[in-house]
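Read the figures in this text as sums done on the coordinates, not as results from a lab. If you're wondering where the values come from, they're calculated on a predicted model, not measured in any experiment. Neighbour counts run over all protein chains shown; Cβ positions are idealised from the backbone, glycine included.
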Amino acid sequence: MNHNAKTLASRLRADEIIINGWSSLPVPILCELMGRSGYAAVTLDMQHGQHDIASVREGFASAVLGGAHRVARIPVGENATASRLLDLGAEAVIAPMINSVEEAAAFVEAMKYPPLGARSWGPHRGAMLMGMTAPEYLKKANDETIGFAMIETPEAFEALDDILQVPGLDAIFVGPADLSLTLSNGAEVAPENEETRRVAAEIAAKTRAAGKIAGKFCTSAEDVAWAIDAGFGFLNYGIDMTIFSDAATNLLASIDAHK
């Protein structure tokens, strides 16, 4: 990406719908293939996926080759990793289980340079992948890097109005699996049930009313359509492991049909 190309932040703030692919496997070329297949962005998952710093570093470069924006999810509470991912070229970082104003503020502190935060200096690879010099990157980084706080619990939902007022927090991301798990007090994982969708829709409405970006993990094509109608603009649909497994199953099934 060169400095004249649209950034992920500018596209989302212009209300463009971004369909994002989820990378759980530490195989860099899969990020490139997702981009070449049409995904606008790819998220490399360090929380539940198998990615580490090395695979994210290489995955970001592969995503650039595929024409996709670069996103990563950190493990719970690893804000120092958020800063490092930005230095490696992340355009956005997703932080799971943000349940309070204090946790949101700590995440922002790691994501933003002063005066918004306390991110330290060293973005040379990130600037390179953005097609910028380091001084150019400094001027734009706080606006062009996005921090997504994941809302996944009743506690977080209750604190949402205050979380949305945290200076420097750019976006909210709904994790419907954990949201359904916590709303049901551990009884079920039902990301598309009525109660989960009711809460998710309210999260989107409040997020947009606060002038921030709303994102969601989607579990079906119908869920993507529902999420767009609800006001979400950054939508994940498709996980590399599942995509490959389903494709292999369908390929073999096509042979069985002709036996």
- Task: Output the residue which, of all residues in region 209-235 that are touching a strand residue (DSSP E or B) at 6+ places or on another chain (Cβ under 6 Å) and in a helix (DSSP H, G or I), is farthest from residue 161 (Cα to Cα).
- Result: 224
- Restricting attention to region 125-139, and to residues there that are part of a helix (DSSP H, G or I) and free of Cβ contacts under 8 Å to residues at least 40 places away in the same chain, which single residue is surrounded by the fewest Cβ atoms within 10 Å (Cβ to Cβ)? 135
- Message: Tally up the residues in region 71-81 that are of a type outside the set (A, V, I, L, M, F, W, C) and either in a helix (DSSP H, G or I) or touching a Gly at 6+ places or on another chain (Cβ under 6 Å) (or both), please.
- Response: 2
- Task: Can you work out which of the residues in region 190-207 that are out of contact with any strand residue (DSSP E or B) (no Cβ under 6 Å at 6 or more places or on another chain) and surrounded by 15 or more Cβ atoms within 10 Å (Cβ to Cβ) is nearest to residue 104 (Cα to Cα)?
- Result: 206
- Task: Go through region 171-202 and count every residue that is in a helix (DSSP H, G or I), more than 13 Å from residue 214 (Cβ to Cβ) and of a type in the set (D, E, K, R).
- Result: 5
- Task: Go through region 228-242 and give me each residue that's surrounded by 17 or more Cβ atoms within 10 Å (Cβ to Cβ) and closer than 17 Å to residue 40 by Cα.
- Result: 232, 233, 234, 235, 236, 237, 238, 239, 240
- Item | Candidates 147, 168, 122 - the one that is under 19 Å from residue 90 (Cα atoms) and outside any loop (DSSP other than H, G, I, E, B) | 147
- How many residues of region 15-29 are part of a loop (DSSP other than H, G, I, E, B), touching a helix residue (DSSP H, G or I) at 6+ places or on another chain (Cβ under 7 Å) and closer than 15 Å to residue 50 by Cα? The answer is 3
- Query: Can residue 170 be described as in contact (Cβ under 8 Å) with a residue 40 or more places away in the chain, of a type in the set (D, E, K, R) and closer than 24 Å to residue 115 by Cα?
  - Reply: yes
- Kindly provide the set of residues from region 92-119 that are in contact (Cβ under 8 Å) with a residue 60 or more places away in the chain, in a loop (DSSP other than H, G, I, E, B) and either of a type in the set (Gly, Ala, Ser) or in contact with a Gly (Cβ under 9 Å, 6 or more places away or on another chain) (or both), ordered by number. 96, 97, 100
- Item | Failed condition for residue 185, given (1) in contact with a Phe, Trp or Tyr (Cβ under 9 Å, 6 or more places away or on another chain); (2) of a type in the set (S, T, N, Q); (3) at positive phi | (1)
- Message: Looking only at region 145-189, filter to residues that are surrounded by fewer than 18 Cβ atoms within 10 Å (Cβ to Cβ) and closer than 20 Å to residue 71 by Cβ; which one of those is nearest to the chain's Cα centre (by Cα)?
- Response: 177
- Could you list, in sequence order, all residues of region 44-70 that are small (Gly, Ala, Ser), assigned to a loop (DSSP other than H, G, I, E, B) and at negative phi? 49, 68
